[in-house]
Amino acid sequence: MAWTGAILLTLALGHVTGAHWTHSTDLDPNYSVFWTPGEEDITFEVQVRTLGYVGFGFSADGQMAGADMVTGWVRDNQVFFQDRHALERTEPEVDSSQDYELLLGYENGTHTVIRFRRRYDTCDPHDFRITNDTMRILYAYYNDDPAAHTGSKLGALPYHGPAQRGARRLYLIQRVSLEEPLPRDLHIWDLRNPVVTLPASEETLCWCKIFRLPYIRRKHHMVRYVPLREPVNRTHVHRVIVYECQGSEAEFEVHAKERGQVCYQSPMPPIFFNCNNVVIAWGIGSEGFTFPPEAGYPLDPDLGPKYFMMETHYNNSVHSADNTGTSGMRVYYTASLRRHDAGVLSVGMDPNWRHIIPPGQPEVVSEGHCISTCTWQAFPPRGIKVFAAALHMHLIGRRIRLRQIRNGVELPPIAADNNYDPGYQEYRRLLEPVQVYRGDHLIAQCVYNSEGRTTITLGGLTSREEMCLVFAMYYPRIDLSLCHSLPSLPTVLHSLGIQELWPDSSPVTIKSPPELADMTLESRLVTYDWENHFRSFQEATRKGSFKPLCWMKKPTLLPGTENLEAFYPNITKPFEAVNLCQKVRKKPGRRKKPEGGEEEGQGGGQTKVYNRITDQETSKLNRCNRITCSWLVSVIIWSAILIWS
């Protein structure tokens, strides 16, 4: 009897601990997904309000063609589970290699619950590699199970219809854990814009407003922020950046009482340009950010800034004179200080017309440099630790990474996204902080696809223009704020086949070579034969000289860097990612199937069929997946004690 009680307790606690998840989201009101990343594999559980079949999978672009899917359902006390792939917009085919492992499946009267896991990379060409890239999650469900099977044949999946399917963009790995601890003494500071009317004639509106730090008597730490939006402006609010401001407090106090104005245009006061150190960087699709337990962003009424500028980018691509409603950021801060003060370092291309992206090209590479001279002078002796990164491009951006070079050797990227989506941008919490030392050279490398454009794209702030920036969150906090670069004017001219300009000409006019004499620079940009000269342009812009821009919080350039001209670093050993699939290893997903299970073939693949667990067990498991199971543990422990005695 004593041993029986101990076994019952162990089994029950196994169910309870199995229901702890580090991440979760609702894909639609009826479909929830929970997941926990491991070292080599990742475990999922879908909970769907249906008693029919459910589907879950991955896609590069959110479309069905090329997708990697699993389907599952429960019928007659058995769980049916299939690893599938889609060739077209039709029912996905069952894989010949079943690489997803079913862990649990049941119905509870209203929901179907399926739990499974798989390796990040199964080496199966039909399976999607799960990486740190932006993932497009596909989901589907139906009210009924597939038709009852006869012999070895299973019925086809009924079409779920457009209302019971969808796609969602997610970071699966580099996310803030749901179990992240927060202090109890949280205070709230809302930075909220007034109602702004978008001009119908403009595609983008950039609105700047000044805010004063809340009245606090001593230093606090910001530990979380989330967006403030209303349904009326969810499609318009594209990006929010909050900066620290340096300058006359009396002048900023006057502007803090005003409603704000359009950014970087007259009559914006010149003092607004003294707000340039990034505090918050939020982009569309982000749910906000939570700092790690060891760090917080300092809000210090004595030593820190008292005024902040919030820059809100509204996207108005349909050119409608809409009312935006109110929007902004909600900041959570605490008097319970953490060990480190955190900061944000912007690395990349300075938003400027010298950042040129030719039209009609499948792949254009741009790179912004934070040179070793800047990091050597600005970083502390032990360097800094980067714990999060936000990667930012605009509409034609496709891939982006923050590269790190140390003494000519390229280390693994600090952050990267090879499946970038401009509609989903939020800070990624790195699994482990990355150490960046004095003398390291950082490169923000961006890849664009301009095939859909017939004219050049220039760097700038609007959504039609492009950016190449990485916002790196780090500690301990330093005085360096922006570490950018910009192609030098000789590099830009050389890339366009221009030798010399007429001095002081307006508009800017070409002097040589003779065949281009007296042509304006603007005309050269517009009429350049990009199709035949793209390769030479790309080589010139990547390998030519550039101007490093190492801005301090003041804002002033880092002393000694004002007149520097820099070149691409000498990389003696480039980074090469290891292809694990080239190594011989045991095929994933071949674990022993649960007792009582059977396998039936279909179309050259496998359908795994398992006996369902009892109704009593499903009831307990479902409640454990939704609420705290302390009451269940207590009951089982007391039962075990009574049996033991």
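For region 245-302, a residue qualifies if it is open to solvent by less than 30 Å² (accessible area, probe 1.4 Å), aliphatic (A, V, I, L, M), over 22 Å from the mean Cα position of the chain (by Cα) and farther than 21 Å from Ser327 by Cβ, and the qualifying residues are Ile271, Leu299.
Could you tell me which residue of region 400-420 is surrounded by the fewest Cβ atoms within 10 Å (Cβ to Cβ), considering only residues that are farther than 19 Å from Val176 by Cβ and β-branched (Val, Ile, Thr)? So, considering only residues that are farther than 19 Å from Val176 by Cβ and β-branched (Val, Ile, Thr), the one surrounded by the fewest Cβ atoms within 10 Å (Cβ to Cβ) is Val409.
When the residues of region 57-107 are filtered to those that are over 24 Å from Ser32 (Cβ atoms) and among the β-branched types (Val, Ile, Thr), which remaining residue is most open to solvent (accessible area, probe 1.4 Å)? Selected residue: Thr90. Thr71 fulfils the conditions (1) touching a Gly at 6+ places or on another chain (Cβ under 9 Å); (2) farther than 23 Å from Ile173 by Cα except for a single criterion, (2).
Against the definition (touching a residue at least 12 places away in the same chain (Cβ under 8 Å), under 23 Å from His23 (Cα atoms), touching a His at 6+ places or on another chain (Cβ under 8 Å) and of a type in the set (Asp, Glu)), how does Glu287 come out, yes or no? No; evaluated as a whole, the condition is false for this residue.
Condition (residue is buried (at least 18 other Cβ atoms within 10 Å of the Cβ), at pLDDT below 90 and within 17 Å of Leu170 (Cβ to Cβ)) applied to region 24-40: is it met by at least one residue? So far as region 24-40 goes, no, none of its residues is buried (at least 18 other Cβ atoms within 10 Å of the Cβ), at pLDDT below 90 and within 17 Å of Leu170 (Cβ to Cβ). Per the listing Gly423, Gly397, the residue uniquely among the small types (Gly, Ala, Ser), more than 30 Å from Val223 (Cα to Cα), in contact (Cβ under 8 Å) with a residue 60 or more places away in the chain and open to solvent by less than 40 Å² (accessible area, probe 1.4 Å) is Gly397.
When region 348-394 is filtered for residues that are open to solvent by less than 40 Å² (accessible area, probe 1.4 Å), in a loop (DSSP other than H, G, I, E, B) and among the aromatic types (Phe, Trp, Tyr), only Phe379 remains. Considering region 257-276 alone, what residues qualify as being farther than 10 Å from Met309 by Cβ and touching a residue at least 60 places away in the same chain (Cβ under 8 Å)? The answer is Arg259, Tyr264, Met268.
Every residue, every condition in (1) open to solvent by 30 Å² or more (accessible area, probe 1.4 Å); (2) of a type in the set (Ser, Thr, Tyr); (3) in a helix (DSSP H, G or I), yes or no:
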{"position": "Glu515", "(1), (2), (3)": "yes, no, yes"}
{"position": "Asp518", "(1), (2), (3)": "yes, no, no"}
{"position": "Ser523", "(1), (2), (3)": "yes, yes, yes"}
{"position": "Asn532", "(1), (2), (3)": "yes, no, yes"}
{"position": "Phe537", "(1), (2), (3)": "no, no, yes"}
{"position": "Arg542", "(1), (2), (3)": "yes, no, yes"}
{"position": "Lys554", "(1), (2), (3)": "yes, no, no"}
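Residue-level check: of (1) more than 22 Å from the chain's Cα centre (by Cα); (2) within 27 Å of Gln174 (Cβ to Cβ), Glu500 misses just (2).
Of everything in region 116-135 that is open to solvent by less than 30 Å² (accessible area, probe 1.4 Å) and touching a residue at least 60 places away in the same chain (Cβ under 8 Å), the residue that is nearest to Asp95 (Cα to Cα) is Thr122.
This table checks each residue for (1) within 25 Å of Cys123 (Cβ to Cβ); (2) modelled with pLDDT of 60 or more.
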| position | (1), (2) |
| --- | --- |
| His533 | no, yes |
| Glu539 | no, yes |
| Cys550 | no, yes |
| Pro574 | yes, yes |
| Val578 | yes, yes |
| Gly589 | yes, no |
| Lys593 | yes, no |
| Gly597 | yes, no |
| Thr607 | yes, no |
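For region 296-306, does any single residue satisfy the condition of being among the basic types (Lys, Arg) and touching a Leu at 6+ places or on another chain (Cβ under 9 Å)? Within region 296-306, one or more residues are among the basic types (Lys, Arg) and touching a Leu at 6+ places or on another chain (Cβ under 9 Å). Exactly one residue among Val79, Val176, Val113, Val94 is within 30 Å of Phe289 (Cα to Cα) and at pLDDT 90 or above, and that residue is Val113.
The values are calculated or read from the model by the stated rules, or taken from the named source; none is laboratory data. Every value quoted in this text rests on a predicted model; they were computed, and no experiment measured them. Don't worry about glycine lacking a Cβ; one is built from the backbone with ideal geometry, like all the others, and counts go over all protein chains shown. Note: accessible area is taken over every heavy atom of the protein model, side chains too, but ligands, DNA and RNA are not part of it. Shrake-Rupley method; radii C 1.70, N 1.55, O 1.52, S 1.80 Å.
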